[in-house]
Amino acid sequence: MTSFPSVLESVDDLTNYQIIDLFTLAENIERDKVLLTPENSLKKPVIYTLFLEDSTRTKLSFATCAQRIGAHYLDFPIHTSSMNKGENLEETLLTLKAQGADIVIIRAKETKILQPFKKVPPIKIINGGDGTHEHPTQALLDFYLIRKIFGEDLSHLTIGIAGDIIHSRVAHSLMRLLPRFGVKIALFGPDHFIPENVQDSQTTIYQDKKTFLSNINLLYLLRIQLERHNDQRIENLPEFKKNYLRDFGFSLEEIKTEASPKLKVMHPGPVNVGLELDHALLKSDRYLGLKEVEVSMPIRMAILLEQLNNNDETIKNAKKIQFSLL
Ligand code: CP
């Protein structure tokens, strides 16, 4: 059995078996069936967040999860740290390790910045989102929720992903993860928001909103990620934004008239009301955004526990949290 990766950079770092095991642990956490053994506070694992980009959900859920499993939690002070004097990420991570840290959850603007650490991890690392590349823990928690809704046999399921797909690290992780479990993907958005060469036997691109809506079992919305639009492909941004909800966003009214009566809507957040969705949809019972945040807790606790306990001998003095299933 492959051990849980010390650098969780991509959903590809986990086998399907590891993902199902992770979900079983998360379910046990949700049902209070996991017994954590309190440790001497000096031996408690130390978990850091090191976020080089803004975040509400990912950073604060990991912060709460770290505390709930009984670890010490610290947020790396980016703006007053020696990274401001030019210290690079590797030296920073080695310094934290030498001070006794065990896991660092990193969010970065740069794509694939964590890849060089996979061969010889300086410390255990979880990718909290790297540029436009991946956001594996968001995709895992979304998939956990999808399985709760639709069950284990997902071979007849089509998830519609709509919006700024090319700039979305969550979409990239979902598009790698979901087809591994038989899920089909439907994509919809402006042409320049759709990645090239993605159409295959499990992925279909739709040009027409109504046809897209009538062919999906669940809608996964994305915001326009203007902070990653380096290529200036939107010529008239105010005009584009003015028409976006009509052309590429979704209203509750449209969902009611064009989609299956059961169609639910997921969104990793943050949402931009009036662009990818309207206020009525956000406040309706179709919208599952806050449910995604809820399930992020057991999933991220399970990820922390699995990584702390992965017996990676290359990371010296790695601390563990003892846990057992009741
Ligand atoms: N889903 C997500 O990554 O949200 P934050 O940017 O608030 O962490």
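The values are calculated or read from the model by the stated rules, or taken from the named source; none is laboratory data. Values in this document were obtained by computation on a predicted structure and should not be read as measured data. Note that each Cβ is placed from the backbone with ideal geometry, even for glycine, and that neighbours are counted across all protein chains shown. Side chains included, ligands, DNA and RNA excluded: accessible areas come from the protein's heavy atoms. Shrake-Rupley method; radii C 1.70, N 1.55, O 1.52, S 1.80 Å.
A few points about this structure:
- Verdict on L60 being of a type outside the set (D, E, K, R), open to solvent by 60 Å² or more (accessible area, probe 1.4 Å) and under 19 Å from S296 (Cα atoms): yes
- Taking first residues from the stretch 308-326 that are outside any loop (DSSP other than H, G, I, E, B) and partners that are open to solvent by 60 Å² or more (accessible area, probe 1.4 Å) and not small (G, A, S), the Cβ contacts under 8 Å between residues at least 6 apart in sequence or on separate chains come to L308/K320; F323/L35; F323/T37; S324/L35; S324/T37; L325/K33; L325/L35.
- Unmet requirement for E90, which otherwise passes all of (1) more than 16 Å from the ligand (Cβ to nearest atom); (2) among the acidic types (D, E); (3) under 24 Å from L145 (Cβ atoms): (3)
- Qualifying residue in the stretch 25-43 (condition: within 16 Å of the ligand (Cβ to nearest atom), free of Cβ contacts under 8 Å to residues at least 24 places away in the same chain and under 18 Å from V293 (Cα atoms)): no
- Selected residue (criterion: farthest from the ligand (Cβ to nearest atom)) from residues of the stretch 44-57 that are open to solvent by 50 Å² or more (accessible area, probe 1.4 Å) and not charged (D, E, K, R): L52
- Residue within the stretch 10-31 that is farther than 25 Å from F143 by Cβ and open to solvent by 10 Å² or more (accessible area, probe 1.4 Å) present: no
- Filter pass, V265 being aliphatic (A, V, I, L, M), in contact (Cβ under 8 Å) with a residue 12 or more places away in the chain and surrounded by 20 or more Cβ atoms within 10 Å (Cβ to Cβ): yes
- Residues of the stretch 118-128 that are out of contact with any Pro (no Cβ under 9 Å at 6 or more places or on another chain), in contact (Cβ under 8 Å) with a residue 12 or more places away in the chain and open to solvent by 20 Å² or more (accessible area, probe 1.4 Å): V120 alone.
- Within the stretch 64-87, the set of residues being within 16 Å of the ligand (Cβ to nearest atom) and either within 20 Å of K109 (Cα to Cα) or surrounded by fewer than 16 Cβ atoms within 10 Å (Cβ to Cβ) (or both) comprises T64, D75, F76, I78.
- Test: residue in the stretch 200-215 that is in a helix (DSSP H, G or I), under 10 Å from I161 (Cα atoms), aromatic (F, W, Y) and open to solvent by less than 10 Å² (accessible area, probe 1.4 Å): yes
- All of I255, I234 fail the test of being β-branched (V, I, T), touching a strand residue (DSSP E or B) at 6+ places or on another chain (Cβ under 8 Å), over 30 Å from D32 (Cα atoms) and more than 16 Å from the ligand (Cβ to nearest atom), apart from I255.
- The residues listed here are G160, G131; of these, the one that is within 30 Å of E235 (Cβ to Cβ), within 16 Å of the ligand (Cβ to nearest atom) and open to solvent by less than 10 Å² (accessible area, probe 1.4 Å) is G131.
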